[in-house]
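Participant: Let me give you the structure first, and then I'll get to my questions.
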Amino acid sequence: MSPVRDAHIAGALPIMPNLTLKPIVLSMGEPAGIGPDLISMLSRTEAAAKLPSIIVTGDHAVISARSNELTGSSDSFVKCASATEALEVVGQPSKLPILEASCCVSKVIAGQPDPANAPVVIGAIDLGLQMIRDGQASALVTNPIQKETLYAADFAFPGHTEYLAEQATRIFEQSCRPVMMIHTPDLRTIPITIHIPLREVPTTLTTTLIIETCRVAARDLADRFGIGKPRLAVAGLNPHAGEGGTIGTEDQDIIAPAVSQLLTEGVDIRGPLPADTMFHAVARRRYDVAICMYHDQALIPAKALGFDVGVNATLGLPFIRTSPDHGTGLDIAGTGKARPDSLFAAIRLASDMASRSQHSFHNA
């Protein structure tokens, strides 16, 4: 992802790398997935050499074993027992600190997740949050987790984002409203509703939900993306944005009032707009983020334009969090076929956001 290209396309202000920025924390993710594969690439690719400083949280033995399988070496990984020790390793050339909370209790086989190892997955995330809270890290990047496996281990949250929101309240003592944004070099999109059946979207959408989501988007695009006055384009729910109520009334009854309210608050916002004409090249130049009504309306155009470099950035949290925009890749874990592009883009974006913010978290 090119910051200069991103600035030209989507209105962000390019910045120079901040050499004094605290390290990025990268959680291991599902140990049987491609997370360890991608981490192994942090020590052996030219692109990785240009990334900001990183501290990995997870199981050192699992990551080293996967790296040995894929590259024949794990010499760059240094097992650390404390954040202080990890921070000392950060400054050493060609070394990548692995901060451990606990180890996998079940043998890790690539492609075969085991609920017994769920505590390591969650522990890696918690370690990263602890470092951010203690002022030892600037942002959190999370490798993908296998939600079904965590559910089997009594994980009580729908996914990463909901868990992080709960932790924000517990660890940072701040309530928040997390907002999922997909970021590519050519497009940013936000779905108002996310992982729910399509039939439930019309009854889940509310004017208040749209207003709250857009407020978070406008604030974080200004604070963390360097966009002075973010431009929001709101998609309609129905074909042709309802066509005056003849193809559904949600657009005029739910979406339009939200847009009107936000305009009175000074937000630069347009809509509801027909979704089928929002995503061509000329239309995209007119806004900084597309606010969409449901999951696929937001993710299809984003993935079509930037499948390998998409980043999931969670807005609205009292800390910076990004993640590669793909799953655990169980079918290719341990094969060497995983591509690091999205992870590297997530690390760069987290660093850019932290550099603009110049602090680890702010009031939500």
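Participant: Residues THR314, THR328, THR322: which one is touching a Lys or Arg at 6+ places or on another chain (Cβ under 6 Å), under 29 Å from PRO36 (Cα atoms) and either touching a residue at least 40 places away in the same chain (Cβ under 8 Å) or surrounded by 19 or more Cβ atoms within 10 Å (Cβ to Cβ) (or both)? Walk me through how you get there before you give the answer.
Facilitator: Working: THR328 fails: touching a Lys or Arg at 6+ places or on another chain (Cβ under 6 Å); THR322 fails: touching a Lys or Arg at 6+ places or on another chain (Cβ under 6 Å).
One residue alone meets the criteria, THR314.
Participant: Would you pick out the residues in region 53-86 that are within 22 Å of ILE132 (Cβ to Cβ) and acidic (Asp, Glu)?
Facilitator: Within region 53-86, ASP59, GLU85 meet the criteria.
Participant: For region 216-255, what are the residues that are of a type outside the set (A, V, I, L, M) and in a helix (DSSP H, G or I)? So that I can check it myself, show each step before the final result.
Facilitator: Taking region 216-255 as the starting set, the residues that turn out to be of a type outside the set (A, V, I, L, M) are 219-220, 223-226, 228-231, 236, 238-240, 242-246, 248-253.
If the condition is that a residue be of a type outside the set (A, V, I, L, M) and in a helix (DSSP H, G or I), then ARG219, ASP220, ASP223, ARG224, PHE225, PRO239, HIS240, GLY242, GLU250, ASP251, GLN252, ASP253 are the ones that fit.
Participant: Additional query: Looking at region 285-300, is at least one residue under 21 Å from VAL179 (Cβ atoms) and among the small types (Gly, Ala, Ser)?
Facilitator: yes
Participant: Something else now. For region 77-114, what are the residues that are outside any loop (DSSP other than H, G, I, E, B) and open to solvent by less than 50 Å² (accessible area, probe 1.4 Å)?
Facilitator: We begin by selecting, within region 77-114, every residue outside any loop (DSSP other than H, G, I, E, B); these are 77-80, 83-90, 96-99, 109, 112.
If the condition is that a residue be outside any loop (DSSP other than H, G, I, E, B) and open to solvent by less than 50 Å² (accessible area, probe 1.4 Å), then PHE77, VAL78, CYS80, ALA83, ALA86, VAL89, VAL90, LEU96, PRO97, ILE98, LEU99 are the ones that fit.
Participant: What do you reckon, is ALA222 surrounded by fewer than 17 Cβ atoms within 10 Å (Cβ to Cβ) and under 30 Å from SER138 (Cα atoms)?
Facilitator: Details: surrounded by fewer than 17 Cβ atoms within 10 Å (Cβ to Cβ): yes; under 30 Å from SER138 (Cα atoms): yes.
The answer is yes for ALA222.
Participant: On to the next question. When you look at ALA338, is it out of contact with any strand residue (DSSP E or B) (no Cβ under 9 Å at 6 or more places or on another chain) and either surrounded by 17 or more Cβ atoms within 10 Å (Cβ to Cβ) or among the polar types (S, T, N, Q) (or both), yes or no?
Facilitator: Numbers: out of contact with any strand residue (DSSP E or B) (no Cβ under 9 Å at 6 or more places or on another chain): yes; either surrounded by 17 or more Cβ atoms within 10 Å (Cβ to Cβ) or among the polar types (S, T, N, Q) (or both): yes.
Here the answer is yes, as ALA338 does meet what is asked.
Participant: Return the residues of region 153-182 that are in a helix (DSSP H, G or I) and among the aromatic types (Phe, Trp, Tyr); say none if nothing qualifies. Give the steps one after another, and end with the answer.
Facilitator: As a first pass, look at region 153-182 and keep what is in a helix (DSSP H, G or I): 160-171.
TYR163 - this is the single residue of region 153-182 that is in a helix (DSSP H, G or I) and among the aromatic types (Phe, Trp, Tyr).
Participant: Continuing with the same structure: Does SER74 meet the test of being in contact with a helix residue (DSSP H, G or I) (Cβ under 7 Å, 6 or more places away or on another chain), assigned to a loop (DSSP other than H, G, I, E, B) and exposed (fewer than 15 other Cβ atoms within 10 Å of the Cβ)?
Facilitator: Details: in contact with a helix residue (DSSP H, G or I) (Cβ under 7 Å, 6 or more places away or on another chain): yes; assigned to a loop (DSSP other than H, G, I, E, B): yes; exposed (fewer than 15 other Cβ atoms within 10 Å of the Cβ): no.
No, not satisfied.
Participant: Restricted to region 183-210, and to residues that are open to solvent by less than 20 Å² (accessible area, probe 1.4 Å) and part of a helix (DSSP H, G or I), which residue is farthest from LYS303 (Cα to Cα)? Break it down stepwise before answering.
Facilitator: Within region 183-210, the first condition is being open to solvent by less than 20 Å² (accessible area, probe 1.4 Å), and the residues that meet it are 183-185, 187-193, 201, 205, 210.
Checking the rest, the ones that are also part of a helix (DSSP H, G or I) come to 201, 210.
Working: VAL201: 21, ILE210: 23 Å.
Applying the filter and picking the extreme gives ILE210.
Table: residues versus (1) at pLDDT below 95; (2) out of contact with any Gly (no Cβ under 8 Å at 6 or more places or on another chain); (3) under 15 Å from THR184 (Cα atoms); (4) polar (S, T, N, Q).
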{"residue": "ASP268", "(1), (2), (3), (4)": "no, yes, no, no"}
{"residue": "ALA275", "(1), (2), (3), (4)": "no, no, no, no"}
{"residue": "TYR294", "(1), (2), (3), (4)": "no, yes, no, no"}
{"residue": "ARG321", "(1), (2), (3), (4)": "no, yes, no, no"}
{"residue": "GLY336", "(1), (2), (3), (4)": "yes, yes, no, no"}
{"residue": "GLN358", "(1), (2), (3), (4)": "yes, yes, no, yes"}
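Participant: Against the condition open to solvent by less than 10 Å² (accessible area, probe 1.4 Å), within 20 Å of ASP288 (Cβ to Cβ) and at pLDDT 95 or above, how does ALA258 come out, does it pass?
Facilitator: Values: open to solvent by less than 10 Å² (accessible area, probe 1.4 Å): yes; within 20 Å of ASP288 (Cβ to Cβ): yes; at pLDDT 95 or above: yes.
Judged against the criteria, ALA258 is a match.
Participant: Could you please find all residues in region 341-353 being open to solvent by less than 20 Å² (accessible area, probe 1.4 Å) and not hydroxyl-bearing (Ser, Thr, Tyr)?
Facilitator: LEU343, PHE344, ALA345, ALA346, ILE347, LEU349, ALA350, MET353 - these are the residues of region 341-353 that are open to solvent by less than 20 Å² (accessible area, probe 1.4 Å) and not hydroxyl-bearing (Ser, Thr, Tyr).
The values are calculated or read from the model by the stated rules, or taken from the named source; none is laboratory data. Everything numeric in this text was worked out from a predicted model, so none of it was measured. Using ideal geometry, Cβ is built from the backbone for each residue, glycine included, and neighbour counts are taken over all protein chains shown. Quick note on the areas: whole protein, heavy atoms, side chains included, nothing else; ligands and nucleic acids left out. Shrake-Rupley method; radii C 1.70, N 1.55, O 1.52, S 1.80 Å.
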